[in-house]
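The values are calculated or read from the model by the stated rules, or taken from the named source; none is laboratory data. Model, not experiment: these values are computed from the prediction. Glycine gets a Cβ as well: all are built from the backbone with ideal geometry, and neighbour counts include every protein chain shown. Ligands, DNA and RNA are stripped out before the accessible areas are found, and what is left, the full protein with its side chains, is counted by its heavy atoms. Shrake-Rupley method; radii C 1.70, N 1.55, O 1.52, S 1.80 Å.
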Amino acid sequence: MVHPLVSIRDLKLEASTNRGVAHILRGISLEIGRGRILGIVGESGSGKSSLAQTMLSFLPANVSGVSGEIVFDGVDLLKLRPSEVQSYRGRRIAKIFQDPMTALNPVFTVATHLVDVIRRREPGLPRKEALRQAEAALTSVGIADARLRLEAYPHQLSGGMRQRVMIAMALLVRPDLLIADEPTTALDATVEAQIVDLLKSLRQELSGSIVFISHHLGLVAELCDDLCVMYGGTVVESGLVADVLVRPRHPYTRALLACEIEDDAEGRLVSIPGEVQDPVAPMTGCIFAPRCPHVVEACRVTVPALRPSDSGRAACIRFEEIA
Amino acid sequence: MLRYFFSRLVTTVLIVFGAMLLLFLLTAVVPGDPAVTLLGPQASPELVKRFVSEMGLDQPIHVRLWRFFANVLSGNLGVDVVSGRSVWSLVLNVLPDTLILTFSAILLAVVTGVPLGIYAATHRGSLLDNVLAFVSVAFIAVPSFVIAIFLLLIFSIWLDWLPVLGAGRSGDFWDAARRLILPTLSIAATWIGFIARLVRTSMLEVLNEPYIRTSRAYGLSERMVTYKYALKNACIPTIAVLGLGLGRLLGNAVFVEIVFARPGLGRLIYGAISERNFPVVQGAVLVVVVLFVLINLVVDLSYSALDPRIRRDGAGGSPV
């Protein structure tokens, strides 16, 4: 079997807050296969964006502890010095950010953004040639009048347009790993669909793997090969998208799916009762136990491990019984 | 860009007119009869009367106001009542000295203040950052003329390294430059700290922006992120505050000119005020006002050159 591009083992991230130590990631283990698209879904506060940031070594200032490993193509990124991590960014790993309105520098043109990314790969490339590549990248992300748009400043572009520019930047890197952190959350629904279609059609050009972070299961179903469901800083279920969405094994995944597709008998929106686990509280049992409809006493005392199920892996001690 | 320029130009003209009106009213209400002050208490009533009518002081106030505006607009700033020379020539005579002093001070402040501010922002909490915080606040709090007196004492009197007073013999570049050092330093001392604080604050703010994270995520070198992507953004608020501060800088120059007995607009105005030599006061202050407004215009335009969001039109057209 080929080694996965990224394998994350028991990744823990702690941050000090004025209420105590917050456990942002409580031991994440997952793999990103070569050339595959992994969807990471979860509610706000599930730690999915923190995971993405940790993979690029962008840690918030209040982080007090990181442990575990993030092995990228045989190298543990967490053991690298900052300058070594920097050599990965923009060459082998690229990222698309959540809010395209603030992710581009307001006082530089689109051309400057793109040319600097190109020159990061090929220093000393003549500006004319870099501009030609930038124009081609804009065209390939579906921007008409690419030549004209190169001279535009970010504020002259719409949100969807800016996200296309961000994707063009990522394309120019041709990264082994592209992290798309909720790239469509800040966009209108119609634009969101266009961006997802674009990412799908660019799969050929982006030969590497993609991590697509979203809270929207529908988008993940459309775009991704693999799925990883996060809750409260843990992975609760993972597997092939096709399997997990058809046969969800973890109660949280089921609840999430129910929210996505069903209304209840009276036509009201379904929601998951209760609140996300307080990150400051220590984990004594299953992290989802306080909100789980199938909870038994055993759930509250033992932390369930991710174990094989018929649709992948799930972290629930009762998934056979409740299936 | 052109439309923006013209609208700024119109405001500029209005500001100058407002300043002229204010200037006229101030000289009209300031206590002390100019005739008595200039001619002395022994002057005969006839002489006083002639003087008053020569200066037009016997006319009703609206006529005097009209004359003032009409004269200025036709390029005539009036005549010095003491020497009989035109105010314009008096001003032109000393203007270069003030401009050289002001610009060398601002240049020194920018070339040292900006790098210090960037260093403090990128090495937050370092020794230099802390020292700079203390020293800059200390220098901001002490007026330029006090610094001027101390510099004089230390470098001219005790150490005897630099000449004490004056602007230097005309035509002797090195002499003039040596005499420029201390006045420039006394004005710049306050401003180095001020600019460094300003740049530090704006830099820290900008370095936290999401677009800086984008640049870092694409592996751009920290030097490029700091000096290209962050600095241009940080310059915008810095330049805005600097533009307003230039008025204060001209004010500082006035006092420093007096301390070092340098010729300049400051000394000209100071002398004219104590003599109640109103045409000179009005003319010279007006030149200062125009200078200040022009500097602000330039600042505003460079501001819009830096920040494309201020420009009304440009490449790329409207948002799509």
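Side notes on the structure shown:
- Accessible surface of the protein assembly as shown [probe 1.4 Å, protein heavy atoms]: carbon and sulfur percent: 62
- The C-alpha radius of gyration of region B:87-315, expressed as a fraction of 2.2 N^0.38 Å, stands at 1.16.
- Residue-averaged beta-carbon neighbours from other chains (10 angstrom radius) around A:141-148: 1
- Calculated on the Cα set of chain A, radius of gyration then Dmax: 20.6, 68 Å.
- Accessible area (Å², per residue) of chain B, counting only protein heavy atoms and a probe of 1.4 Å: 52
- A 1.4 Å probe run over region A:88-246, with the rest of the protein chains in place, finds 34 Å² accessible per residue.
- Cβ-Cβ FRET estimate between B:ARG178 and B:LEU204, R0 fixed at 60 Å, reported to 0.05: 0.95
- Contact with the other protein chains removes 30 Å² or more of accessible area, compared with the isolated chain and a 1.4 Å probe, from these residues of region B:182-212: B:PRO210, B:TYR211.
- Computed FRET value (nearest 0.05) for A:ALA189 with B:SER126, which takes r as the C-beta separation and R₀ as 45 Å: 0.40
- Choice from A:ASN18, A:ASN105, A:ASN62 with maximal GNM fluctuation in chain A (Cα, 10 Å cutoff): A:ASN18
- Heavy-atom accessible area ranking, 1.4 Å probe, most first, across A:HIS250, A:HIS23: A:HIS23, A:HIS250
- Kirkwood Rh in Å, taken over all unlike Cα pairs in the protein assembly as shown: 30.1
- The longest stretch of chain A left intact once loop-based GluC sites (Glu not before Pro) with at most 15 other Cβ atoms within 10 Å are removed from consideration, loops following DSSP, is A:1-150.
- Interface size B-A, as summed buried accessible area [1.4 Å probe, Å², nearest 100]: 2700
- Going from the isolated chain to the complete set of protein chains, region B:288-308 loses at least 40 Å² of heavy-atom accessible area (1.4 Å probe) at B:PRO308.
- The long axis of helix A:189-201 is offset from the longest Cα principal axis of chain A by roughly 80 degrees.
- Degrees between helix A:251-261 axis and first principal axis of chain A (Cα, 0 to 90, nearest 10): 60
- Rounded to the nearest 0.05, the FRET efficiency derived from the C-beta distance between A:GLU69 and A:ALA305 at R0 = 22 Å is 0.75.
- Residue ranges B:300-309, A:137-146 sort as A:137-146, B:300-309 when ordered by packing (mean number of other C-beta atoms within 10 Å per residue, highest first).
- Helix runs (DSSP H) in chain B reaching 30 Å along axis by Cα, Kyte-Doolittle at least 0.5: B:2-29, B:87-122, B:173-207, B:231-259, B:278-306
- Helix A:110-121 and the longest principal axis of the C-alpha atoms of chain A enclose an angle of approximately 80°.
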